[in-house]
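**Q** Quick one: structure below, then a few questions.
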Amino acid sequence: MDNHLEEITAKIREQGYRMTPQRMAILKVLIGNPNHPTVEQIHSEVKKDFPMTSLATTYKIVHLLKEMGEILEIDRGNDKAHYDGLTSDPHPHLICTRCHSIVDIDVPSLEGLPQDVIQNFGYQFVSYQFDFLGVCPKCQDHE
Ligand SMILES: [Zn+2]
């Protein structure tokens, strides 16, 4: 088991949760996952090994991780929320409007922008979402 997963497991125990095999499986599917899954996608993955896992249990663990600041929620408003298990730091995403794939992108020129904007309007920084919508190369090929 890798360190990050171990750390998170310890923190969850500190919150008074028992680490059941199901909860562990949910963590394993989400933490370090670059594919930004939804709760439903995590659930169907976990069910392959633990068919008894409920969607409610999956939702609870995902919500807990979000509250703990261990994962990033990508809320598109119109769509189900996706979760980034790699990092909880806000970062820009490229989102395909056809296949709904989400990729992390590195745009150095954007780095200071969110803080600048928030300061200019006197907000206290909580988080930001920077999402670029379009049609990914794969979906363009299928046209
Ligand atoms: Zn991401």
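**Q** Checking ASP2 against (1) away from the ligand (no atom under 16 Å from the Cβ); (2) touching a residue at least 12 places away in the same chain (Cβ under 8 Å); (3) surrounded by 14 or more Cβ atoms within 10 Å (Cβ to Cβ); (4) not hydrophobic (A, V, I, L, M, F, W, C), which single condition isn't satisfied?
**A** Unmet condition: (3).
**Q** Can I ask one more? Just for the stretch 19-41: of the residues that are in a helix (DSSP H, G or I) and within 12 Å of the chain's Cα centre (by Cα), which one is nearest to ASP104 (Cα to Cα)? Lay out the reasoning, then the answer.
**A** Step one: of the stretch 19-41, the residues in a helix (DSSP H, G or I) are 21-30, 39-41.
Okay, now just the ones that are also within 12 Å of the chain's Cα centre (by Cα), so 27, 29-30, 39, 41.
Working: LEU27: 20, VAL29: 18, LEU30: 15, VAL39: 19, GLN41: 18 Å.
Across the stretch 19-41, the extreme among qualifying residues is LEU30.
**Q** For SER109, indicate whether it is among the polar types (S, T, N, Q) and within 13 Å of the ligand (Cβ to nearest atom). Talk me through it step by step, then tell me what you get.
**A** Details: among the polar types (S, T, N, Q): yes; within 13 Å of the ligand (Cβ to nearest atom): no.
So SER109 fails the test.
**Q** List the pairs whose first member sits in the stretch 61-90 and is charged (D, E, K, R), whose second member is more than 13 Å from the ligand (Cβ to nearest atom), and whose Cβ atoms are under 7 Å apart, counting only residues at least 6 apart or on separate chains?
**A** If the second residue must be more than 13 Å from the ligand (Cβ to nearest atom), the pairs left are GLU70/ILE8; GLU73/LYS66; ASP79/HIS100; LYS80/THR38; LYS80/GLU40.
**Q** State whether one or more residues within the stretch 11-32 are exposed (fewer than 15 other Cβ atoms within 10 Å of the Cβ), closer than 19 Å to SER101 by Cβ and not assigned by TED's automatic domain parsing to the domain that holds LEU94.
**A** Yes, some residue in the stretch 11-32 is exposed (fewer than 15 other Cβ atoms within 10 Å of the Cβ), closer than 19 Å to SER101 by Cβ and not assigned by TED's automatic domain parsing to the domain that holds LEU94.
**Q** Residues to consider are THR53, THR38; find the one that is free of Cβ contacts under 8 Å to residues at least 40 places away in the same chain and either touching a strand residue (DSSP E or B) at 6+ places or on another chain (Cβ under 9 Å) or away from the ligand (no atom under 14 Å from the Cβ) (or both).
**A** Values: THR38 fails: free of Cβ contacts under 8 Å to residues at least 40 places away in the same chain.
The unique qualifying residue is THR53.
**Q** While we're here: Select the strands (runs of 3 or more DSSP E) contained entirely in the stretch 54-143, then report the ones holding at least 1 residues which are loosely packed, with under 13 Cβ neighbours inside 10 Å and not assigned by TED's automatic domain parsing to the domain that holds ILE12. Explain how you work it out, then say what you get.
**A** Working: elements: 72-74, 82-84, 93-96, 102-104, 131-134.
The strands (runs of 3 or more DSSP E) meeting that bar are 131-134.
The values are calculated or read from the model by the stated rules, or taken from the named source; none is laboratory data. Computed from a prediction, not measured in an experiment: that's the story for all the values here. Reconstructed Cβ throughout: ideal geometry from the backbone, glycine too, with neighbour counts over all protein chains shown.
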